[in-house]
Amino acid sequence: MLNIEGLGAGYGKMTILHGLSLSLHPRTATVILGPNGVGKTTLCRTVSGLIRATRGRISFEGRDITGASPAARVRAGIVQVPEGRQVFPDLTVRENLRLGAFVHGMPDQDAFDRIYALFPILLQRQSQKAGLLSGGEQQMLALARALMTRPRVLLLDEPSQGLAPMAVELIGHAIKQVAESGVTVLMVEQNLKLAEMVAQRVAIMEHGACTLEGPANEVLSSDAVQNAYLGKKR
Ligand SMILES: Nc1ncnc2c1ncn2[C@@H]1O[C@H](COP(=O)(O)OP(=O)(O)O)[C@@H](O)[C@H]1O
Ligand SMILES: [Mg+2]
């Protein structure tokens, strides 16, 4: 599937990723938990090709894609839902979805129907401007827009950001459905609740690398996670 080995990346002289390694299991949702500023967005952008790796290797289905352009990665099926949603506020829901499908040209009605079956609320709102949706609905639209490309690997950059707890739960269900439909999911988050909802595997990110990768129930109940995220001392 997607393999990240010894990845380095940063901004100018500042290195943020220090030899990060992680392998995604096919058709499995992996969540990387890490605090604000640890480099989660940097990792997403390096995997999607928006930031150049300074060392290490990213391969997808056995093919080295470390130097591939962002567009080539999207065509290969690696698609990112960016931090902060970034829907087009003045376009309707349907127009936003249509733009998501650009890699395949003009989407047919089937493509919309598939998305509307997954997210009925977007069908109800299809003629509304995206800027009028609630935060949770906008995040759902961002997710749906990415799905219009029929991704193999979906990268989700902190989908809980700025959402009320109820909206986080809504998005969690949506992401779960996507994962259950067979898409390999890599989500970076600092929200433990959302991680618990979605993750089959969890990795902890600290000091620019992944530590403690394993089955979600084991990693989430580990002392390291309990202490860092719940302030529990055991
Ligand atoms: N465009 C940039 N230029 C310089 N430094 C940046 C840039 N973007 C992020 N950083 C720095 O890189 C570090 C990691 O940021 P980021 O990947 O956004 O973390 P996270 O998503 O985990 O909050 C932070 O110290 C941040 O200030
Ligand atoms: Mg971030």
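The values are calculated or read from the model by the stated rules, or taken from the named source; none is laboratory data. Just so it is clear, the structure is predicted and the values come from calculations on it, not from any experiment. Backbone-built Cβ (ideal geometry, glycine too); neighbour counts: all protein chains shown. Keep in mind that these areas ignore ligands, DNA and RNA; they rest on the heavy atoms of the full protein, side chains included. Shrake-Rupley method; radii C 1.70, N 1.55, O 1.52, S 1.80 Å.
Structural remarks
- Pairs of Lys residues in region 2-230 that lie 8 or more places apart, or on two chains, and have C-alpha atoms under 28 angstrom apart add up to 5.
- Bridges between two residues of region 2-230, per DSSP, are antiparallel at a rate of about 55%.
- Considering only 102, 88, 60, the mean-square fluctuation computed in a Gaussian network model of the chain, springs between alpha carbons under 10 angstrom, is largest for 102.
- Electrostatic tally near residue 76: other residues with Cβ closer than 15 Å to its Cβ, Lys and Arg +1, Asp and Glu -1, net +3.
- Region 1-79 and region 174-189 have their alpha-carbon centroids 17 Å apart.
- Between 183, 153, 219, the Gaussian network model of the chain with springs among Cα atoms under 10 angstrom shows the greatest mean-square fluctuation at 219.
- Mean-square fluctuations from a GNM of the chain, with a 10 angstrom spring cutoff on Cα atoms, peak among 132, 24, 141 at 132.
- Anisotropy class of region 140-184 from Cα gyration tensor, a/c 1.5 cut: prolate
- The chain: C-alpha gyration tensor shape, a/c 1.5 cut-off, then a/b vs b/c: oblate
- Seen from residue 163, the other residues with C-beta closer than 12 Å to its C-beta sum to a net charge of -2, counting Lys and Arg as +1 and Asp and Glu as -1.
- Rounded if a/c under 1.5, otherwise prolate or oblate - region 1-63, Cα gyration tensor axes: oblate
- Mean sequence separation of contacting Cα pairs (under 8 Å, at least six apart), scaled by the length of region 2-230, corresponds to a relative contact order of 28 percent.
- Accessible area of residue 54 (1.4 Å probe, protein heavy atoms only, ligands and nucleic acids ignored): about 110 Å².
- MRE, 222 nm, helices only [DSSP H, n ≥ 4, -39500 (n - 2.57), over the chain, to nearest 500]: -10500 deg cm²/dmol
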